[in-house]
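Structure first, then comments.
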Amino acid sequence: MNLFGMLEVSGSALAAERWRAEVVSANMANAETTRTPQGGAYRRQLVVFRARPLPRFPVLLASLQQKPQEGVRVDRVVTDHTPLPRRYEPGHPDADAAGYVTYPNVNPVMEMTDLLSAVRAYQLNAAAVQAAKSMIQQSLQILS
Amino acid sequence: MNGAISSLRILPAEIDTAALRPENESGAGFREVLHSAIDDIQQLEGQAETKVAGVLQGNGADVHSAMIAVEKADLSFQLMMQVRNKIVSAYQEISRMQF
């Protein structure tokens, strides 16, 4: 039991969701990128979340806690290995001998949905931060 | 009659004033508690300050973690103030006591 722990958990979720939104934005920005440092077209990136026990914080409002709270963190950013779509564009400088250009496997509709989901999850966790704050303030008003 | 009154007398063994004597006081006094609370809050305020400065200087600090750090410092300060107000008002109550 630790009210600041609630803030820590929600804070870790906020950081993770922000990272997810950043990766989605990178996908959207590179939706038409045909050249990358690794060579070839850009491949869609995905974030993988992992539950993370948070350390205890020796602060004023913290009391003894029985079990560690589960925060969340971005475990890793993986590459989506679905096949890349090919479009017939003979005039394109990156076209192959047959005139086909390999484009990134980024679907704008899917990215937009992911972005909305990340934004909503961010709002959700921000609301949890607000709730934690108002709970602490309520408990402080017991004394006055 | 006299026998009845003397039987009402509290036996010395029953009076335990040890707990009332200040030299037997255990643990930290109010001063130390308040000091350590203020130290804790100063630490939290320092963290909040570092994070806000990081956001303003744009060296990659998260806005939300800065806001949460500020909020933590504020709530700890409010708690400290509430406890201090309560204890000071108790002290004033005692100092107004008439004998």
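Things worth noting here:
- Derived scalar couplings between HN and Hα for the stretch A:131-144 equal 5, 4, 4, 5, 5, 5, 5, 4, 5, 6, 6, 4, 7, 9 Hz in order, rounded to whole Hz, by the Karplus curve 6.51 cos²θ - 1.76 cosθ + 1.60 (θ = phi - 60°), x for Gly and Pro.
- For the stretch B:53-60, the Karplus equation 6.51 cos²θ - 1.76 cosθ + 1.60, evaluated at θ = phi - 60°, returns couplings of 4, x, 5, 5, 7, x, 9, x Hz by residue, with Gly and Pro reported as x.
- Under a 5 Å amide H cut-off, with hydrogens placed 1.01 Å from N, residue A:49 pairs with A:75 among residues at least 5 apart or on other chains.
- Cα gyration tensor shape for chain A, rounded if a/c is under 1.5, else prolate or oblate: prolate
- Under 15 Å, Cβ to Cβ, from residue A:41 - net charge with Lys/Arg +1 and Asp/Glu -1: 0
- Couplings 3J(HN,Hα) of the stretch A:95-111, computed from phi: 5, 7, 4, 7, x, 9, 10, 8, 10, x, 8, 9, 9, x, 5, 5, 5 Hz, in residue order, whole Hz [Karplus 6.51 cos²θ - 1.76 cosθ + 1.60, θ = phi - 60°; x for Gly and Pro].
- Crossing angle, helix A:3-29 versus chain A [Cα axis fit, 0-90 degrees, rounded to tens]: 10 degrees
- Computed label-point distance, nm, for sites residue B:80 and residue A:119 using a 7 Å Cα→Cβ extension: 4.0 nm
- Length gained on full extension, residue A:79 to residue A:137: 16.5 nm, using 0.36 nm per residue less the C-alpha separation.
Since every read-out is calculated from the coordinates, none of them should be taken as a lab result. From a predicted model like this one, the values you see are computed outputs, not experimental measurements. Neighbour counts run over all protein chains shown; Cβ positions are idealised from the backbone, glycine included.
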